[in-house]
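Notes follow once the structure below has been shown.
Values in this text are rule-based calculations from the coordinates and carry no lab data. Values in this document were obtained by computation on a predicted structure and should not be read as measured data. Cβ sites come from the backbone with ideal geometry, for glycine too, and all protein chains shown count toward neighbours.
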């Protein structure tokens with residue numbers, strides 16, 4: 001199973017139940033453009049009733065999700 005397919009399954013599972021908190025590590029990796037658009041929409045919908053937090057190197061994804069961005073540099077953590 002490809003990375004993209006595994007990510008899609010994990011993201012689909014996120015919609016089961018009513019999660020209060022969603023945490024994702026690099027959620028956009030391995031996704032094609034259509035799946036990334038669906039991910040952004042999913043996070044927007046989840047954020048209405050849940051806390052959504054994700055780690056990513058993809059600033060384009062963060063901007064598209066209108067995410068509050070915190071970097072290690074801002075926190076004073078050496079890389």
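For residue 16 and residue 62, FRET efficiency with R0 = 30 Å and r from the beta-carbon atoms, rounded to 0.05? The calculated FRET efficiency here is 0.75.
Report summary: the helix-based calculation at 222 nm, which adds -39500 (n - 2.57) for every DSSP H run with n ≥ 4 and divides by the residues of the chain, gives -13000 deg cm²/dmol. How many percent of the alpha carbon pairs in the chain exceed a separation of 19 Å? That fraction is 37 percent.
Give me 9, 40 ranked fewest to most by other Cβ atoms within 10 Å of their Cβ, as a rough exposure proxy. Mind dumping the intermediate values first?
On the way: 9 10, 40 16.
With the fewest neighbours first, 9, 40 line up as 9, 40.
GNM remark for the chain: springs join alpha carbons under 10 Å apart, and the peak mean-square fluctuation among 18, 44, 26 falls on 18. Nearest 0.05, what FRET efficiency do residue 45 and residue 69 give at R0 = 30 Å with Cβ-Cβ as r? Computed FRET efficiency for residue 45 and residue 69: 0.90.
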